[in-house]
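Encoded as structure tokens, the structure appears first; notes follow it.
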Amino acid sequence: MDLHLKEILSQIPDPEIPVINIVELGIVRDARFIDENHVEIIITPTYSACPAMFNIEEDIIKLLQEKHIEAKIITKISPVWTTDWLTEEAREKLLAYGIVPPEIGNHEAAFLLPKSCPRCGSLDTKQVSRFGSTLCKASYVCNSCLEPFDYFKCH
């Protein structure tokens, strides 16, 4: 990935979780200059029906147009996006924002593992709903501090 483009694209926050950007999220798979005014950006949705992808494409095109660069966006669904593509910085930002980041690997067992409350650290938590405010999150509540929180689901 071209480092200059990576730096530019890192300015675009995820529309559903604005504390992380589309590069940290792993949506941007590749970005390269074709010539000095044209780029090719390869993106992969976090879910095949992710409603934010249209906004992300628009944000990429708009930002690059402001820099007089024409972007060709290619959406690839294979390999399928995985939460393992989240950067460590994104995981830290999610936790600081109050969203428990997904475990790395072993996705099948992820829902069986206890989730630590991002506010008080207690493992005495309970899943309230497998589906949260977005498709990629589940809703939990801490039995110690009684605060609700989201868990970014593994996949």
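What percent does the relative contact order of the chain come to when contacts are Cα pairs within less than 8 Å and at least six residues apart? Can you show the working numbers first?
Numbers: 273 pairs, mean separation 27.4, N = 155.
Relative contact order comes out at 18 percent.
Could the peptides 15-26, 59-70, 43-54 be put in order, highest first, of the mean number of other beta-carbon atoms found within 10 Å of their residues?
Numbers: 15-26: 19.7, 59-70: 14.2, 43-54: 16.5.
Sorting 15-26, 59-70, 43-54 by mean packing, highest first, produces 15-26, 43-54, 59-70.
Using a 10 Å cut-off on Cβ atoms, rank the peptides 116-127, 140-151 from the highest mean neighbour count down.
Values: 116-127: 15.3, 140-151: 17.2.
Result, highest mean first: 140-151, 116-127.
What is the percent carbon and sulfur in the accessible area of region 1-53, measuring with a 1.4 Å probe over the protein chains and ignoring ligands? Each step should come with its number before you reach the end.
Values: 1200 of 2380 Å².
Here it works out to 50 percent.
Find how many whole Å separate the alpha carbon centroid of region 19-34 from the alpha carbon centroid of region 111-129.
Taking the Cα centre of each part, region 111-129 and region 19-34 sit 30 Å apart.
If you fit an axis through the alpha-carbon atoms of helix 53-66 and take the longest principal axis of the Cα set of the chain, what angle between them do you get, 0 to 90°, nearest 10?
40
What percent antiparallel are the DSSP beta bridges of the chain, to the nearest 5? Present the calculation step by step, with values, prior to reporting the outcome.
Numbers: 16 of 24 bridges.
Looking only at bridges with both residues in the chain, the antiparallel portion is about 65 percent.
Do any cysteines in the chain lack another Cys Cβ under 4.7 Å, and if so which?
Result for the chain is 50, 136, 154, no neighbouring Cys Cβ within the cutoff.
Which value, in debye to the nearest 20, gives the size of the charge dipole of the chain about its Cα centre, when Lys and Arg are +1 and Asp and Glu are -1 at the Cβ?
Working: 15 positive and 23 negative charges, 119 e Å.
Its charge dipole is roughly 580 debye.
Measure nothing but the geometry: give the 0 to 90° angle between the long axis through the Cα atoms of 88-97 and the longest principal axis through the Cα atoms of the chain, rounded to 10°.
In the chain, helix 88-97 runs at an angle near 50 degrees to the longest axis.
Which value in deg cm²/dmol, rounded to the nearest 500, describes the helix-derived mean residue ellipticity at 222 nm for the chain, given -39,500 (n - 2.57) per DSSP H run of n ≥ 4 and division by the residue count? Write out the running numbers ahead of the final one.
On the way: 3 runs with 31 residues, N = 155.
Rounded to the nearest 500, it is -6000 deg cm²/dmol.
Determine, from the Cβ-Cβ distance of residue 63 and residue 129 and an R0 of 35 Å, the FRET efficiency 1/(1 + (r/R0)^6), rounded to the nearest 0.05. Could you put the intermediate results ahead of the total?
On the way: r = 35 Å, r/R0 = 0.99.
Efficiency for this residue pair is about 0.50.
Where only protein heavy atoms count, and the probe is 1.4 Å, what is the accessible area per residue for the chain in Å²?
Values: 8300 Å² over 155 residues.
For the chain, the solvent-accessible area averages 54 Å² per residue.
Taking the Cβ of residue 39 as the centre, find all other residues whose Cβ is under 15 Å away and add up their charges (Lys, Arg: +1; Asp, Glu: -1). Each step should come with its number before you reach the end.
Working: positive: 6, 29, 32, 62, 67, 72; negative: 2, 7, 30, 35, 36, 40, 57, 59, 66, 70.
Neighbourhood net charge equals -4.
Where Rh is the Kirkwood radius over the Cα pairs of region 21-71, the temperature 4 °C and the viscosity 1.567 mPa s, what D in µm²/s does Stokes-Einstein return?
Working: Rh = 11.5 Å.
The Stokes-Einstein estimate is 113 µm²/s.
Let me know the shape class of region 105-155, please: from the alpha-carbon gyration tensor, a ≥ b ≥ c as square roots of the eigenvalues, rounded when a/c is under 1.5, otherwise prolate if a/b is greater than b/c, or oblate.
On the way: a/c = 2.22, a/b = 1.39, b/c = 1.60.
The shape class here is oblate.
Taking the Cα centre of region 41-153 as the origin and placing charges on Cβ (Lys, Arg +1; Asp, Glu -1), which of 128, 102, 145 is farthest toward the positive end of the dipole?
The one lying farthest along the dipole's positive direction is 128.
Which label belongs to the value computed from this structure, given these candidates for semi-axes √(5λ) of the Cα gyration tensor in Å: (i) 33, 14, 13; (ii) 25, 16, 16; (iii) 21, 21, 16?
Given (i) 33, 14, 13; (ii) 25, 16, 16; (iii) 21, 21, 16, the calculated one carries the label (i).
The values are calculated or read from the model by the stated rules, or taken from the named source; none is laboratory data. Because the structure is a prediction, the values reported are computed rather than measured. When we count neighbours, we look across all protein chains shown, and the Cβ atoms used for this are built from the backbone with ideal geometry, even at glycine. Surface accessibility is based on the protein's heavy atoms, side chains included, excluding ligands, DNA and RNA. Shrake-Rupley method; radii C 1.70, N 1.55, O 1.52, S 1.80 Å.
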